Amino acid sequence: MRAMSQLKRVLDNGDMAVTAECGPPKGADSEAIFKKAELLRGKVDAINVTDNQTAIVRMSSLSACSLLISAGLDPVLQVVVRDRNRIALQSDILGASAMGIRNILCLSGDHQSFGNQPEAMGVFDLDSIQLMQVTKTMRDKGTIWGGDPLTKAPELFIGAVANPFADPLELRIIRLAKKISAGANFIQTQCVYNLDRFEEWMNMARDRGLPDQVSILAGVTPLKSSRMAQYMRDRVSGIDIPDELMNRMQGVPKNRQRQEGINICVETIQRLKEVQGIRGFHIMAIEWEEAVGEIVERADLLPRPSYDQG
Amino acid sequence: MITAEQKPIDEIREMIEPYEKILLLGCDSCVAECAAGGEKETAMLASTLRMSAKMDEKKALIQEKTVDRQCVKDFILPLAEIIDRYDAVLSLGCGAGVQAVAEIFSEIPIIPALNTEFIGETRDQGYWVENCIGCGDCMLYYFGGVCPLTRCAKSLLNGPCGGSKDGKCEVDPEVPCAWQLIFERLSRFNALDRLEKIYPPKDWSEKQGLGPRKIIREDQQL
């Protein structure tokens, strides 16, 4: 069993970390996970497994993470507060740690009205910040929320998300600070296309000394087509794609748009490397895990560091 | 106030079908304010049901009465004088009114004519909005007078989520993001420091843990 999070090791060692995303299948299909795992093996340090993203029913994040563990990879368990109350969440956290999962990412979750179960009751017993508080309490104090002792505390590297592109910006920084005090060890941001806005957000974060207290991984998503770019800009909340990039995607023929999307992604990473306080990258290639290998190679992020297991 | 809307007429007709003599019982408080179950709406519904009984050539006695508060025992008790004349009561009260009448007159069927909606305010003519879930531990001070439990689609106490854009909620672009409103109001009062605090998980044991809630105040009892 993995003794320690590989993601934590890389960050502790001062190396640039790279994570990617693996969306579980809409079915009881373990092969789909193993296939994605092989596309990402050796290309990234840890793999986020989404939790019924966009409120569409999929294989559970916890089970898919356990499959990744069996394939010898370091998963990041994404947990949303939409579907489970504090009893279920704490129970899953214990199970996750027992199975060797060493990273957790705490999120609110896309609202149930967006998915294929719009009639579901949203739970939201905890919010994402409270989930971090609860997880940190379990890990550091060895108790569940309320103080009852655990027979063994979970070992988890705790992460949170941040959206530098949602409004109002000032409140985004307050919330980032709250996430850090609630227990966030690392932050993965919403995908960056608008670098000016991202830098403005980073400057504000630096003014409060936040990048010194948490490892910020900038999120990137390669665009597959100009249609996808348009869809994301207009329909996905919290995505900000400047006109310049829209025009660039539209300006190349359809059969070369995927390549252009990868080019933009690589250039974005190169530029983000210059931004002070960035500790790594989170590459969300949505249903396009094949792209990750090329992106990390061209962005000079290979080979991924390996350390003696201890 | 408690808001409500009238059920579809076909559903109401189906529920009252077995009965011949029906008392329509309106309530002149909250549901009158939201134009669902006051004296006027009760008269209108009675007239609709009478007409439809006539068209169906169904024998029916449909009468109406409106009390000041259907959820208060003192206002319900006088119904004892007339209630025996009927086979059923069709209540235009909120869920509390329906159940209060049922509790006192246990021998007669009580049928709801309304769908009870929420605790809210009359924002404008014909426009009601939800703004309180009755959590039992009011936190409006911390949030500048805007309740995130009610008005944020995810009930976040440490919001906002990443979905607010131009001050609107991702769930419905017509709906203002509660956290945007909280931010604006606290900024105005120079109280943004209240948002730096982490609000811990809410204690729901009072609201949900012990069955239906009650308030007992000896100082108010005779």
Could you tell me which of B:V146, B:T116, B:G38 has its Cα farthest along the dipole of chain B towards the positive end, charges placed at Cβ (Lys, Arg +1; Asp, Glu -1), taken about the Cα centre?
B:V146
Highest-MSF residue in chain B out of B:Q63, B:Q99, B:Q208 [GNM, Cα springs under 10 Å]
B:Q208
Could you tell me the center-to-center distance, by alpha carbons, between the range A:258-288 and the range B:101-131 in angstrom?
54
Out of the DSSP beta bridges found with both residues in the protein assembly as shown, what percent are antiparallel (nearest 5)?
20
Treating the beta-carbon of each Lys and Arg as +1 and of each Asp and Glu as -1, no other charges, what is the dipole magnitude of chain B about its Cα centre, to the nearest 20 debye?
440
How much net charge surrounds B:E41 when only the other residues with a Cβ under 14 Å from the Cβ of B:E41 are counted, with Lys and Arg +1 and Asp and Glu -1?
-2
If you stretched the chain out fully between A:R197 and A:Q276, how much longer would it get, using 0.36 nm times the residue separation minus the C-alpha to C-alpha distance?
27.0 nm
Obtain the nm distance between the two label points defined at A:D308 and A:Q259 by a simple spin-label model: each point lies 7 Å from its Cα along the Cα-to-C-beta direction.
4.6
Under 1.5 on a/c is rounded, so check that first for chain A, then, if it is not, pick prolate when a/b is larger than b/c and oblate when it is not; a ≥ b ≥ c are the square roots of the alpha carbon gyration tensor eigenvalues.
rounded
Which of rounded, prolate or oblate describes the range B:136-209 when judged by the alpha-carbon gyration tensor and an a/c cut-off of 1.5?
oblate
Taking 0.36 nm per residue of sequence separation and subtracting the Cα-Cα distance, how much length would be gained by fully extending the chain between B:E184 and B:S47, in nm to one decimal?
44.5 nm
What's the local net charge at A:Q259, with K and R +1, D and E -1, over the other residues with C-beta under 13 Å away?
+2
Rounded to one decimal in nm, the spacing of the 7 Å Cα→Cβ label points at B:K65 and B:A102 is 2.0
Return one number: the angle in degrees, 0 to 90 and rounded to the nearest 10, between the long axis of the Cα atoms of helix A:30-40 and the longest principal axis of the Cα atoms of chain A.
60
Place a +1 charge on the Cβ of each Lys and Arg in the range B:36-166 and a -1 charge on the Cβ of each Asp and Glu, then give the dipole magnitude about the Cα centre in debye, rounded to the nearest 20.
300
As I understand it, the value is the acute angle between the Cα axis of helix A:226-235 and the longest principal axis of the Cα atoms of chain A; what does it come to in degrees, rounded to 10?
50
Taking Cα atoms, how many degrees apart are the long axis of helix B:178-188 and the longest axis of chain B, rounded to 10 and kept between 0 and 90?
60
Helix-only mean residue ellipticity at 222 nm for the protein assembly as shown, each DSSP H run of n ≥ 4 adding -39500 (n - 2.57), per residue, nearest 500
-10000 deg cm²/dmol
Looking at the range B:98-153, which GluC sites (Glu not before Pro) are DSSP coil and have at most 15 other C-beta atoms within 10 Å of their C-beta?
B:E107
At A:S225 and A:K152, where each label point lies 7 Å from the Cα along Cα→Cβ, what is the point-to-point distance in nanometres?
4.9
Give me the net charge for the shell around A:S113: Cβ to Cβ below 13 angstrom, other residues only, Lys and Arg +1, Asp and Glu -1.
-2
Would you work out if the range B:2-118 is rounded, prolate or oblate? Take a ≥ b ≥ c from the square roots of the eigenvalues of the alpha-carbon gyration tensor; rounded if a/c is under 1.5, else prolate when a/b is larger than b/c, oblate otherwise.
oblate
When the charge dipole of the protein assembly as shown is computed with +1 at the Cβ of Lys and Arg and -1 at the Cβ of Asp and Glu, the Cα pointing farthest to the positive end, of A:I47, B:N190, A:S61, is that of A:I47
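Can you figure out the FRET efficiency of B:E20 with B:K40, using R₀ = 25 Å and their beta-carbon distance, to the nearest 0.05?
Efficiency, from the Cβ-Cβ distance: 0.50.
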On the formula 1/(1 + (r/R0)^6), with r taken between the Cβ atoms of B:D56 and B:V129 and R0 of 35 Å, the FRET efficiency rounded to 0.05 is 0.35
Could you tell me the center-to-center distance, by alpha carbons, between the range B:68-95 and the range A:88-164 in angstrom?
49
For a Förster distance of 51 Å, can you work out the FRET efficiency between the beta-carbons of A:N247 and B:E196, rounded to the nearest 0.05?
0.80
Can you grab the distance from the C-alpha centre of the range A:16-81 to the C-alpha centre of the range A:187-257, Å, no decimals?
22
To the nearest 20 debye, what is the magnitude of the charge dipole of the range A:146-288 about its Cα centre, counting +1 on the Cβ of each Lys and Arg and -1 on the Cβ of each Asp and Glu?
380
Compute a Gaussian network model of chain A, connecting alpha carbons closer than 10 Å, and tell me which residue from A:A218, A:A55, A:A120 fluctuates the most.
A:A120
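Coordinate-derived values only; no laboratory data. As the structure is a prediction and not an experimental result, all values here were calculated from the model. Note that each Cβ is placed from the backbone with ideal geometry, even for glycine, and that neighbours are counted across all protein chains shown.
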